[in-house]
Amino acid sequence: MNNWAWTAMALFAAWAVTAFGIRAVLQRRRTGDSGFRGISGRPASAAWWAGVLFTLSLLGGAAAPAAALAGMPTLPGAGDGTALRWTGLAAALAGMAATLLAQSGMGDSWRVGVDAAERTELVTSGLFAYVRNPVFTTMTVTAAGLALMVPNALAVLACLVLVLAIQLQVRVVEEPYLMRVHGPAYADYAARAGRFLPGVGRRACAAGA
């Protein structure tokens, strides 16, 4: 079990460094801006909670392998579960690679958080041609894979909190922002591409939108 926990910890660190740290450095070199916008909304609002929960989920994801090393038991039914952990490893690696691909596809529009006064280009190509939020989808796959590698209560809770944070961020913060900024172009795009999965969560394109 310790080997799996160490592996999960190393993968989480690599994911965090590449998806946030290195990506921000590359973004700054390209555009002069790191792309970080912070937590949106007033304290205790739904938008604010989205940012806070996202941060907590990352902290929980980092703490889960450490908790396993400290002796936190796996969830009932997980047992030794070698096949489960190998599945988690495969999912985590695939999710990490896909996260970087999706981020790269955003180009200069890549952001962490939303500045309501800012206008970025609407990205509809690459993975975004099929899914409106591929970065969040691939992050969820990565987090789920890491949780399967160390299937304890903290790992599962962190993954669930991430899903909640993403739902709030997309539905309460990002979609209203994109509709306001891009109007009919976003309405048409949202009618073609699924929210998190291809064909799932497409928006009805109202006449005259």
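Does the range 51-64 include one or more residues that are out of contact with any Leu (no Cβ under 9 Å at 6 or more places or on another chain) and either part of a loop (DSSP other than H, G, I, E, B) or over 28 Å from residue 27 (Cβ atoms) (or both)?
Checked against the condition, which is being out of contact with any Leu (no Cβ under 9 Å at 6 or more places or on another chain) and either part of a loop (DSSP other than H, G, I, E, B) or over 28 Å from residue 27 (Cβ atoms) (or both), the range 51-64 yields no hits at all.
Look through 57, 45 and report the one residue that is closer than 21 Å to residue 136 by Cβ and over 18 Å from the mean Cα position of the chain (by Cα).
Residue meeting the stated conditions: 45.
Just give me the residues in the range 131-144 being assigned to a helix (DSSP H, G or I) and either β-branched (Val, Ile, Thr) or at pLDDT below 90 (or both), in sequence order.
135, 137, 138, 140, 141, 142
Check the range 8-23 and report whether any residue there is among the aliphatic types (A, V, I, L, M), buried (at least 20 other Cβ atoms within 10 Å of the Cβ) and farther than 18 Å from residue 101 by Cα.
Yes: one or more hits.
Looking only at residues in the range 32-46 that are in a loop (DSSP other than H, G, I, E, B) and hydrophobic (A, V, I, L, M, F, W, C), which one is farthest from residue 21 (Cα to Cα)?
Going through the qualifying residues, I end up with 44.
Please go through the range 70-86 and pick out each residue that is under 13 Å from residue 8 (Cβ atoms) and surrounded by 15 or more Cβ atoms within 10 Å (Cβ to Cβ).
Selection gives 72, 74, 84, 85.
Is at least one residue of the range 145-161 touching a Ser or Thr at 6+ places or on another chain (Cβ under 6 Å) and surrounded by fewer than 17 Cβ atoms within 10 Å (Cβ to Cβ)?
Within the range 145-161, not a single residue is touching a Ser or Thr at 6+ places or on another chain (Cβ under 6 Å) and surrounded by fewer than 17 Cβ atoms within 10 Å (Cβ to Cβ).
If we scan the range 155-172, do we find a residue that is more than 18 Å from the chain's Cα centre (by Cα) and part of a helix (DSSP H, G or I)?
no
Does residue 97 satisfy being within 27 Å of residue 196 (Cα to Cα), touching a helix residue (DSSP H, G or I) at 6+ places or on another chain (Cβ under 9 Å) and without any contact (Cβ under 8 Å) to a residue 12 or more places away in the chain?
yes
Could you tell me whether residue 95 is surrounded by 18 or more Cβ atoms within 10 Å (Cβ to Cβ), within 16 Å of the chain's Cα centre (by Cα) and at positive phi?
No, not satisfied.
When you go through 72, 96 one by one, which is the residue that is assigned to a loop (DSSP other than H, G, I, E, B) and under 18 Å from residue 159 (Cα atoms)?
When all the criteria are applied, what remains is 72.
Determine if the range 112-130 includes at least one residue that is surrounded by fewer than 18 Cβ atoms within 10 Å (Cβ to Cβ), at positive phi and assigned to a loop (DSSP other than H, G, I, E, B).
Yes, there is a match, as at least one residue in the range 112-130 is surrounded by fewer than 18 Cβ atoms within 10 Å (Cβ to Cβ), at positive phi and assigned to a loop (DSSP other than H, G, I, E, B).
Answer yes or no: is there a residue in the range 101-111 that is among the hydrophobic types (A, V, I, L, M, F, W, C), surrounded by fewer than 18 Cβ atoms within 10 Å (Cβ to Cβ) and over 19 Å from residue 55 (Cα atoms).
yes
Within the range 15-51, how many residues turn out to be without any contact (Cβ under 8 Å) to a residue 40 or more places away in the chain and closer than 19 Å to residue 163 by Cβ?
Qualifying residue count for the region: 1.
The values are calculated or read from the model by the stated rules, or taken from the named source; none is laboratory data. Here the structure is a predicted model, which is why all the values come from computation and not from measurement. Here Cβ is always computed from backbone atoms with ideal geometry, including for glycine, and neighbour counts include all displayed protein chains.
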